[in-house]
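Visitor: Let me give you the structure first, and then I'll get to my questions.
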Amino acid sequence: MANNPYQDDRGNHDASITRTGGEGTVDPTRRSGPVTDAPGGPFLEGAGMTGGYGKSGPDILHDCTIAVEKGQIAVIVGPNGAGKSTAMKAVFGMLTLRAGHVRLDGHDISGLTPQDRVAQGMGFVPQTSNIFTSMSVEENLEMGAFLRRDDYSATMEQVYTLFPILHEKRRQPAGELSGGQRQQVAVGRALMTEPKVLMLDEPTAGVSPIVMDELFDRIIEVARTGISILMVEQNARQALEIADRGYVLVQGRNAFTGTGQELLADPEVRRSFLGG
Ligand SMILES: Nc1ncnc2c1ncn2[C@@H]1O[C@H](COP(=O)(O)OP(=O)(O)OP(=O)(O)O)[C@@H](O)[C@H]1O
Ligand SMILES: [Mg+2]
């Protein structure tokens with residue numbers, strides 16, 4: 001795997017997407033709110049997030065905080081309906097928060113639209129409908145690069161190196177692929193913008209334990225290149241094994257927070273959320 005670029009530290013190549021000239025530049029005065037300095041703290045943090053869906057919907061998140069450091073893996077676990085996906089959407093700007101802030105790389109991005117957050121370095125793979133099934137694998141990856149005006153062929157090669165099966169099936173409609181391969185397409189699509197942070201909502205849903213292990217290995221490889229991973233997982237035990245930081249959410253609130261190992265060792269977390 002010596003020729004795998006995901007094993008090298010790609011340094012600050014991602015700066016290409018935050019360049020200040022040309023198309024694709026974030027204009028914080030239009031559509032989106034301002035970006036202000038918010039130095040210190042974790043690389044990406046949704047802090048004290050409170051809010052729900054729509055203007056009058058009930059709050060789903062209650063003072064919820066999730067964060068990830070540069071190049072680390074943070075995992076969110078919790079029961080069905082706990083608000084894990086809602087917390088991810090809130091960090092990605094798909095929810096109007098009544099309270100709280102989202103900070104990325106020293107900036108308060110709470111006012112940005114999701115598209116502008118992508119331009120700032122966020123990649124998001126939602127829990128459902130995360131690929132275009134009638135498009136080919138390669139077209140899906142091209143869609144992922146929609147914000148880029150530069151040559152993205154090297155990034156596509158990197159995705160194919162990370163997930164060789166996608167290269168083999170690049171001309172096939174993505175909908176014809178297996179569950180695990182579709183998730184690779186979704187992750188690959190998100191990598192096409194060269195994100196600084198990759199947010200994955202249940203990347204291993206519906207795949208076999210072997211495929212899950214392989215996906216986790218690829219995710220670790222991505223993190224080693226310096227990309228932060230914020231991930232929701234139903235396979236809580238296995239996910240916490242690879243987590244630098246873990247969050248247990250219950251009813252939209254932080255119930256337990258710690259390193260992955262701390263949570264795995266916590267008797268109450270084990271009894272209530274990890275099946276003993
Ligand atoms: N689009 C929506 N509009 C209104 N309410 C929603 C919407 N999506 C989710 N909810 C509600 O928000 C709460 C949290 O849902 P969410 O999908 O965030 O949970 P989750 O922890 O991701 O669950 P799961 O493990 O099943 O994926 C639930 O009560 C759900 O009914
Ligand atoms: Mg969910």
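Throughout, read-outs are computed from the coordinates displayed, never taken from laboratory work. Keep in mind that what you see is a predicted model, and the values were worked out from it rather than measured. FYI the Cβ positions are ideal-geometry reconstructions off the backbone, even for glycines, and counts take in every protein chain you see.
Visitor: Would you mind working out the magnitude of the charge dipole of region 90-174 relative to its Cα centre, with +1 at each Lys and Arg C-beta and -1 at each Asp and Glu C-beta, to the nearest 20 Debye?
Guide: 280 debye
Visitor: Work out, step by step, the length gained on full extension between Thr36 and Lys55: first 0.36 nm times the residue separation, then minus their alpha carbon distance; give nm to one decimal.
Guide: Full-extension gain reported as 4.3 nm.
Visitor: Helix-derived [θ] at 222 nm for the chain: sum -39500 (n - 2.57) over DSSP H runs of at least 4, divide by residue count, nearest 500?
Guide: Values: 10 runs with 86 residues, N = 276.
The helix-only estimate for the chain comes to -8500 deg cm²/dmol at 222 nm.
Visitor: Please report, largest first and rounded to whole Å, the three semi-axes of the ellipsoid equivalent to the chain, where each semi-axis is the square root of five times an eigenvalue of the C-alpha gyration tensor.
Guide: Output for the chain: semi-axes of 27, 24, 17 Å.
Visitor: Report, for the chain, the % of DSSP beta bridges that are antiparallel, rounded to 5. Please list the in-between numbers first.
Guide: On the way: 21 of 38 bridges.
In the chain, approximately 55 percent of DSSP beta bridges are antiparallel ones.
Visitor: Please enumerate, by chain and number, the aspartates and glutamates with C-alpha under 12 Å from the C-alpha of Lys84, excluding those fewer than 8 residues away in the same chain.
Guide: Leaving aside aspartates and glutamates fewer than 8 places away in the same chain, those within reach of Lys84 are Asp201, Glu202, Glu233.
Visitor: On a C-alpha basis, how far is the centre of region 44-75 from the centre of region 164-212 in Å? Whole number, if you could?
Guide: Answer, in whole Å: 25.
Visitor: Along the charge dipole of the chain, which of Phe132, Val159, Leu95 sits closest to the positive end, that is, farthest toward it, with unit charges on the beta carbon of Lys, Arg, Asp and Glu (+1, +1, -1, -1)?
Guide: Of Phe132, Val159, Leu95, it is Leu95.
Visitor: Calculate the dipole size of the chain relative to its Cα centre from +1 charges on Lys and Arg beta carbons and -1 charges on Asp and Glu beta carbons; express the result in debye to the nearest 20. Could you put the intermediate results ahead of the total?
Guide: Values: 26 positive and 34 negative charges, 137 e Å.
Magnitude of the dipole: close to 660 debye.
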